[in-house]
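These notes are about the structure you will find just below.
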Amino acid sequence: MTKVLVATEKPFAKVAIDGIRKEVEAAGFELALLEKYTEKKQLLDAVADADALIIRSDKVDAEVLDAAKKLRIVVRAGAGYDNIDLAAATAHNVVAMNTPGQNANAVAELALGLLVYAVRNFYNGTSGSELMGKKLGIHAFGNVGRNVARVAQGFGMEVYAFDAYCPADVIEAAGVKPVKSVEELYETCQFISLHIPATAETKGSIGYDLVGKMPKNGVLLNTARKEVIDEAGLAKLLEERQDLRYITDIKPDADAEYAEKFAGRYFATPKKMGAQTAEANINAGIAAARQIVDYIKNGVEKFRVNK
Ligand code: 3PG
């Protein structure tokens with residue numbers, strides 16, 4: 001029987017698992033679960049007889065693919081697929097997919113929640129400030145960026161965006177002001193929300209020079225990936241500019257140093273929280289299950305991300 005394995009170090013909500021099971025069993029497939037695993041060895045053992053794999057931020061590298069002798073498809077239930085070694089997947093004849101957009105609203109709601117938390121001084125009882133009328137710069141206008149724009153407009157924020165791959169008229173159609181360069185975005189906006197993927201081009205690209213362009217009392221919000229930050233450069237800037245704040249749901253490697261040096265101006269959630277809602281889990285998990293069924297039964301490769 002075709003076996004679909006859900007392997008998630010950070011588990012889905014139970015309702016999402018119920019929904020995934022329904023899709024998988026309706027197709028005549030079998031569902032296996034590996035949740036909250038702590039050792040890679042557990043993943044290596046679990047994938048041995050899986051035909052299909054659903055993951056979140058879990059790493060699927062050449063070693064995992066070697067161990068997964070029967071694997072035909074891996075679906076990242078979510079947007080970013082930097083945790084899958086795409087070349088190795090191709091070399092192992094494994095199709096890799098993501099489920100774009102399915103958890104975008106969850107991340108957007110968290111982004112605005114974190115901004116409120118920042119401007120209200122981490123709810124410490126002192127007088128903070130408001131978001132209405134302030135300029136928010138969205139760095140990359142994909143599914144998450146667009147949802148952040150929509151929610152921020154509800155707060156009455158003036159929303160700007162830069163995206164090297166998205167035409168200005170698409171940005172304008174969402175009531176958002178496109179800017180011509182990434183530098184212009186950071187110079188213009190007191191609040192910047194990052195929504196770039198972690199790629200060879202973007203890794204370490206957000207640091208001293210760029211963030212240093214932000215106006216007084218700037219807040220950099222990262223619900224994208226920790227790898228896009230140049231942590232040493234940002235730390236140097238935060239030391240020089242006492243007015244700046246860094247808020248994130250992905251702990252930097254230098255979390256302890258940041259927490260100590262920038263107390264009151266730095267906040268990181270204990271785990272990546274953006275997509276951690278029942279709704280996002282249901283949307284992304286069920287989409288992943290459907291994509292697997294559609295690929296195995298009908299050869300549909302719509303959301304394939306490897307060549
Ligand atoms: C994504 O890329 O979809 C988000 O970062 C969510 O990641 P998660 O599934 O690990 O919460």
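Under a 5 Å amide H cut-off, with hydrogens placed 1.01 Å from N, V60 pairs with I84, D85 among residues at least 5 apart or on other chains.
Note down the relative contact order for the stretch 53-103 as a percent, whole number, built from C-alpha pairs under 8 angstrom at least six residues apart. Show your work: numbers first, answer last.
Working: 76 pairs, mean separation 21.4, N = 51.
Worked out over the stretch 53-103, it gives 42 percent.
Rounded to the nearest 20, the Cβ-based charge dipole of the chain about its Cα centre (Lys and Arg +1, Asp and Glu -1) stands at 500 debye.
Per residue, the average separation of C-alpha pairs within less than 8 Å and at least 6 apart gives the stretch 144-190 a relative contact order of 36 percent. You can think of it this way: the chain between Q42 and K135 has 28.8 nm of extra reach, that is 0.36 nm per residue less the Cα-Cα gap. Here's the list of lysines a cross-link from K307 could span, going by alpha-carbon distance under 27 Å and ignoring same-chain residues fewer than 8 apart: K3, K40, K59, K69, K70, K203, K226, K297.
Inter-label distance, V15 to E279: 1.0 nm, where each label sits 7 Å from its Cα along the C-beta direction.
Run through the stretch 1-73 and list the trypsin sites (Lys or Arg not before Pro) located in a DSSP loop whose Cβ has at most 10 other Cβ atoms within 10 Å.
Values: sites: K3, K14, R21, K22, K36, K40, K41, R56, K59, K69, K70, R72; in loops: K36, R56, K59, K69, K70, R72.
Sites meeting the loop and neighbour criteria: K36.
Helix 231-240 sits at what angle to the longest principal axis of the chain, using alpha carbons and giving 0 to 90 degrees rounded to 10? Its long axis makes an angle of about 20 degrees. Between amide H atoms placed 1.01 Å from N, distances below 5 Å from Y160 occur with L136, G137, I138, K177, all of them 5 or more places distant or on a separate chain.
For the chain, what is the relative contact order in percent, using Cα pairs closer than 8 Å and at least 6 residues apart in sequence?
Answer for the chain is 19 percent.
Based on the mean of other beta carbon atoms within 10 Å per residue, what is the order of 295-301, 155-161, most packed first? Walk me through the numbers on the way to the answer.
On the way: 295-301: 13.4, 155-161: 20.1.
Highest-to-lowest ranking by the protection proxy: 155-161, 295-301.
Helix 14-26 and the longest principal axis of the C-alpha atoms of the chain enclose an angle of approximately 40°.
Distant-in-sequence amide contacts of R304, defined by a placed amide H-H separation under 5 Å and a gap of 5 or more residues or a different chain, comprise nothing. In order along the stretch 73-79, the Karplus-derived 3J(HN,Hα) couplings, from 6.51 cos²θ - 1.76 cosθ + 1.60 at θ = phi - 60°, round to 8, 10, 10, 7, 6, x, 9 Hz, and Gly and Pro are given as x. The angle between the Cα long axis of helix 104-119 and the longest principal axis of the Cα atoms of the chain comes to about 30 degrees, rounded to the nearest 10.
Since every read-out is calculated from the coordinates, none of them should be taken as a lab result. Worth saying up front: this structure is predicted, and the values here are computed from it rather than measured. Neighbour counts run over all protein chains shown; Cβ positions are idealised from the backbone, glycine included.
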